[in-house]
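The values are calculated or read from the model by the stated rules, or taken from the named source; none is laboratory data. These numbers come from a predicted model, not from an experiment. Please note: Cβ atoms are built from the backbone with ideal geometry, for glycine as well, and neighbour counts cover all protein chains shown.
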Amino acid sequence: MTDDKKADEDILRRAAIDRSTRLPVLFFFTSAAVWLTVAVILGFIQSVKFYYPGFLDAPWLFFLNYGRSNPAFMGALVYGWAIQAGIGVAIWLMARLCRAEVKNPMTLLVAGHFWNLGVLIGVVGIFAGYGTSMEWLAFPKAVWPILLGAYSLVVIWLITMFMRRESGEVYISVWYILGACFWFPWVYITANVFIHVLPGAAVAKAATNAWFLSSMIFLVLVPLGLASAYYFIPKILGRPVHSSQLSLIGFWGLAILGGWTGIQKLMGGPLPAWMPAVSGVALILILVPVLAIAINHHMTLRGNHKLVETSPTMRFTAVGALMFTVFCVLSALCAFFSLGKFTQISQTTTAFQLLAVYGFFTLTIFGAIYFIVPRLVGCEWISGSRIQMHFWFSTYGIVSLVGLHFIGGMWQAAAYAQFDAPLENAVSAGRPYAIGVSVAWASIAISNLIFLYHLGLMVLRLGRRGEGPALLGHQHHAA
């Protein structure tokens, strides 16, 4: 068989795989984008409510008080946007890397509808006053079996595609996707059982909640984001990953250490001292696999950094990967008591969550979506300028959010430490930073409205046809 014929067959094979994934992947992407828009609007509302409770204070908007809008915002962001978008990318990557078409995509669509139903019930339940006080577990107790069942249906299909793979070689992106497939049910079931089904002492629930939040980041969102980065960076460059050994060090380091983190945020609390100490050590040691991942990405990209200026996928992915390194370094530093005592009970904790969920995961997934969607709908993104606006508003917004939450939180914590001063002083200390946070949320809201509109046009197949990809500079194409 000639090389040209093999290349033609490979193109036809990829096209057939893309057609088989079109409906479920576009469904998860569009559903996630809608939830992201809802989340950032709620993020703006809860940020204003933090320093101006009278904002939107009409009687029929009572449910938008800070105590309800804040957990509803985070629930919509994590479960409505992050998990769904990650599932969409995972389905497409698994099909491409395993060279396996999706059989009977209706099962995935059913799972997606049940997932969205669970998130909707959860957000409405929080607004109705039936939420819990647990971070990232604030949905009413009846919701978690719905989400778990929907996720299980997706996992079955991902594993089925893996088992039907044509090659015995397993790419590092597949390792990360399979890890997220199994780690999410373990983490989610464990946390819900020990918090909602078999609740113990309040301090035990707090420790479980802290472990759950950190494990969701390191064992679910990080693997899905890294699966995307490990695929698209070498794909666009047209070269393999720099080192498979570094890839495995990064994977197994996160797998071994990720589940030990989280409880360090309770240092000095009513827990055995060894628990936050072990979590703190794990968080510091996790810098080893993080360093391996960062070096691997940098060496793969070496000599081609100009692609970051021209490729939307590369730009979002590169900035997202940088945010991941920053998140892990800051988290490790705050594992030391000398710094951690200022980050436990202030807005600094919000900075870490947003840096992981939006700074790393969301920007990386945006890059994946900009690559995947044109191959599913058969047309190109309409406007490179809209993509640039989306990038710069998103980047400005998240950098500002993290910076303001972190610095304002440290200042707030220092004011809390003044035991002989009134509490109002601490509240007032954080007010200027809270106002800046609202401006940053407005920027992110604008960026995501642009993204949602642009994605909607693509899903309706109103994009450009017969032209090159909508990039940010000279033409470059990866099939």
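Numerical summary
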| item | result |
| --- | --- |
| For SER133: the one exception among (1) surrounded by 16 or more Cβ atoms within 10 Å (Cβ to Cβ); (2) within 23 Å of SER215 (Cα to Cα); (3) modelled with pLDDT under 95 | (1) |
| Index of the failed condition, VAL170 passing every other in (1) in contact (Cβ under 8 Å) with a residue 40 or more places away in the chain; (2) β-branched (Val, Ile, Thr); (3) within 20 Å of ILE17 (Cα to Cα); (4) in a loop (DSSP other than H, G, I, E, B) | (1) |
| Conditions (1) outside any helix (DSSP H, G or I); (2) in the same structural domain as PRO24 (by TED's automatic domain parsing); number of the one not met by PRO199 | (2) |
| Cβ-Cβ under 6 Å pairs, at least 6 apart or on other chains, the range 89-104 side closer than 23 Å to VAL220 by Cβ, far side surrounded by 21 or more Cβ atoms within 10 Å (Cβ to Cβ) and of a type in the set (Phe, Trp, Tyr) | LEU93/TYR231; LEU97/TYR171 |
| Criterion (surrounded by fewer than 18 Cβ atoms within 10 Å (Cβ to Cβ), modelled with pLDDT under 95 and either farther than 28 Å from ILE91 by Cβ or under 17 Å from the mean Cα position of the chain (by Cα) (or both)) met by exactly one of ALA273, ALA206 | ALA273 |
| Matching residues, the range 297-317, being assigned to a helix (DSSP H, G or I) and in contact (Cβ under 8 Å) with a residue 60 or more places away in the chain | HIS297, THR300, LEU301, LEU307, GLU309, THR310, PRO312, THR313, MET314, ARG315, PHE316, THR317 |
| Unique residue being of a type outside the set (Ser, Thr, Tyr) and at pLDDT 90 or above when the list is LEU287, LEU237, LEU307 | LEU287 |
| From ILE156, ILE146, ILE189, ILE177, residue being modelled with pLDDT under 95 and among the aliphatic types (A, V, I, L, M) | ILE156 |
| Odd one out for THR261, checked against (1) buried (at least 18 other Cβ atoms within 10 Å of the Cβ); (2) free of Cβ contacts under 8 Å to residues at least 40 places away in the same chain; (3) under 29 Å from ILE87 (Cβ atoms) | (2) |
| Residue identified as of a type in the set (Gly, Ala, Ser) and at pLDDT below 65 among ALA434, ALA440, ALA479, ALA429 | ALA479 |
| When residues of the range 135-144 are limited to those that are in contact (Cβ under 8 Å) with a residue 40 or more places away in the chain and under 21 Å from the mean Cα position of the chain (by Cα), the one nearest to GLN344 (Cα to Cα) | GLU135 |
| Top-ranked residue in the range 145-199 [being among the polar types (S, T, N, Q) and within 21 Å of VAL25 (Cα to Cα); ranked as farthest from the chain's Cα centre (by Cα)] | THR160 |
